[in-house]
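Engineer: This is the structure, below, for whatever I ask next.
The values are calculated or read from the model by the stated rules, or taken from the named source; none is laboratory data. All figures in this text were calculated on a predicted structure; none of them were measured in a lab. Quick reminder, even Gly has a Cβ in these numbers, built from the backbone with ideal geometry, and neighbours come from all protein chains shown.
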Amino acid sequence: MDKAEKRISIRIEGLKKQYRVGQIGGRTLQNELKSWWALKRGKEDPNTKIGQTGRLRGETFMALDGIDLTAYRGEAVGIIGRNGAGKSTLLKLISRITAPTEGTIDLYGRVASMLEVGTGFNGEMTGRENIYLNGAILGMTKNEITEKLDDIIEFSEIGEFIDTPVKRYSSGMYVKLAFSVAAHLESEILIMDEVLAVGDMEFQKKCLRRMRDEARVNDRTVFYVSHNMNTIRSLCDRCIVLDEGKVVFDGDVDKAIAIYLGTESSEKTTFVFNKNYRPYADINRRRQMDIKSLTIMNKGGAVFSTTEKQELKIVCSAGKTLERVGFRLELWYQDGTKTGSMLSETFVDIEAGENTVMLTVDPSHLTGGQYMADLLAYQFDDDGNETILDGVYPGIVFNIEDKLGETSHLDWHNQYWGNVHLHDMTVVKI
């Protein structure tokens, strides 16, 4: 069925959302006092977000800057983008939590949204009472809610606590009940921010299956925001990429993921590491050496051929001599799947001062696509315990040029077959 035959569920035209920056209003009292005191002293507002100066216009900030999109019944739409791209703002506008500065949002159906843990719940009321409250907000009668009550409780897996005030629930219990309520009550549009990350893995899988069914079987429109590319790929049949408040791509899920992960970094041949490359606080606290840079030495640059080994040059330094140091590359595929790890066959001594180390990487088992890798330096003590000396992420971004089809005329499907092509089998008829 093409778009002309589908029923429109959401139509957004010229949507803009503007916030005031560095002014009093819209935050906690503590933050407002900090902003006021900084303003009085002529200092920079400590609560102003950095890295988004291109969206600052005088004393205002454009969270969304001209969004146009249409969603149809039965679609599962993923929304991805960096932190601050405008994803949550868009969902709040669609959910009518806040109003747009400019533009229109036309909704053809009722909206059930789950944007934060506990959204729409009254902490003093029990789980059962909150189910009826949320149903009433959606315009359902008491009898309609009662008909679905047993299914909601069973799906949420918190039956023994359903008559307990929800203020005593853990964040995981909140999520289970909130999702169950949103999924079962009658609405045509289901909006989910990445609150599912709070729940356990099995419940996340159950929720994803439920959302797929809601879109494909029950003809609901699902809007889903996540940084987990695996869940975006498994759930969505369309994906929107937001960047600095604008739609930069709307279409195929795999293309959207590739754009979100970025192609610019995969063209680099030298990676220089500062503190932003070390996102893990425990590594920063305990590191005994400093990985300064990594350079791809092969003429193909960041495009690796599966038929050639690749040379990587690492520059690192240490305050004292470190004996028997190993290196590890932990690989991630472009959709966020952990692909595997490459370990040191041999160990080197890192002397006090600056050192240069060469790594030889064999990519022959990797299939086509873009990869990122953590780069870690480590030592083992006499008992076999590992100590991480330093770690950077991403240590390298590269593309694999898939040569498989040239020899076997076979197109490899990473989504179904995986990102590693193991040794082929010998088949003999006897």
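Engineer: Has the range 195-202 got at least one residue that is at pLDDT 85 or above and outside any loop (DSSP other than H, G, I, E, B)? Before the answer, list the steps.
Structural biologist: First pass over the range 195-202, keeping only residues at pLDDT 85 or above: none.
No, because not a single residue in the range 195-202 is at pLDDT 85 or above and outside any loop (DSSP other than H, G, I, E, B).
Engineer: Here are the criteria: (1) under 25 Å from Met173 (Cβ atoms); (2) crowded, with 22+ Cβ neighbours inside 10 Å. Tell me which single one Asp213 does not satisfy.
Structural biologist: It fails just one condition, (2).
Engineer: Something else now. Tally the residues that are of a type in the set (D, E, K, R) and either modelled with pLDDT under 85 or part of a loop (DSSP other than H, G, I, E, B) (or both), restricting the search to the range 145-170.
Structural biologist: So the answer is 2.
Engineer: For the range 125-139, give me the residue count where each residue is over 17 Å from Asp151 (Cβ atoms) and in contact with a Leu (Cβ under 7 Å, 6 or more places away or on another chain).
Structural biologist: So the count comes out to 1.
Engineer: Considering only residues that are crowded, with 16+ Cβ neighbours inside 10 Å and either basic (Lys, Arg) or outside any strand (DSSP E or B) (or both), which ones fall in the range 239-253?
Structural biologist: Matches in the range 239-253: Glu244, Gly245, Lys246, Val253.
Engineer: Let me ask you something else. Can you pull out the residues in the range 306-347 that are closer than 19 Å to Ala373 by Cβ, surrounded by 14 or more Cβ atoms within 10 Å (Cβ to Cβ) and aliphatic (A, V, I, L, M)?
Structural biologist: Result: Leu312, Ile314, Val315, Val325, Leu329, Leu331, Met342.
Engineer: Look through the range 367-399, keep the residues that are among the hydrophobic types (A, V, I, L, M, F, W, C) and closer than 12 Å to Arg328 by Cβ, and return whichever of them is surrounded by the fewest Cβ atoms within 10 Å (Cβ to Cβ).
Structural biologist: This residue is Phe380.
Engineer: Pick from the range 104-137 the residues that are out of contact with any helix residue (DSSP H, G or I) (no Cβ under 9 Å at 6 or more places or on another chain) and either outside the structural domain of Glu214 (by TED's automatic domain parsing) or of a type outside the set (D, E, K, R) (or both): which of them is surrounded by the fewest Cβ atoms within 10 Å (Cβ to Cβ)?
Structural biologist: Thr104
Engineer: Restricting the search to the range 337-369, which residues are of a type in the set (S, T, N, Q) and not in a loop (DSSP other than H, G, I, E, B)?
Structural biologist: Thr339, Ser341, Asn355, Thr356, Thr360
Engineer: While we're looking at this one, here's another question. Please verify whether the range 9-31 includes one or more residues that are modelled with pLDDT of 90 or more and touching a Lys or Arg at 6+ places or on another chain (Cβ under 6 Å).
Structural biologist: Within the range 9-31, one or more residues are modelled with pLDDT of 90 or more and touching a Lys or Arg at 6+ places or on another chain (Cβ under 6 Å).
Engineer: Still on this structure, I have one more. Out of Thr231, Thr221, which single residue is at pLDDT 90 or above, buried (at least 17 other Cβ atoms within 10 Å of the Cβ), out of contact with any His (no Cβ under 7 Å at 6 or more places or on another chain) and in the same structural domain as Ala178 (by TED's automatic domain parsing)?
Structural biologist: Residue meeting the stated conditions: Thr221.
Engineer: Under 6 Å between Cβ atoms, at least 6 apart or on separate chains: pull out the pairs that start in the range 219-242 with a residue that is in contact (Cβ under 8 Å) with a residue 60 or more places away in the chain and end on any residue that is polar (S, T, N, Q).
Structural biologist: Thr221/Ser9; Ile232/Ser226
Conditions (1) buried (at least 21 other Cβ atoms within 10 Å of the Cβ); (2) modelled with pLDDT of 90 or more; (3) among the polar types (S, T, N, Q); (4) in contact with a helix residue (DSSP H, G or I) (Cβ under 6 Å, 6 or more places away or on another chain), marked per residue:
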| position | (1), (2), (3), (4) |
| --- | --- |
| Glu59 | no, no, no, no |
| Ile67 | yes, yes, no, no |
| Thr70 | no, yes, yes, no |
| Arg73 | no, yes, no, no |
| Ala76 | yes, yes, no, yes |
| Gly81 | yes, no, no, yes |
| Ser88 | no, no, yes, no |
| Ile97 | no, no, no, no |
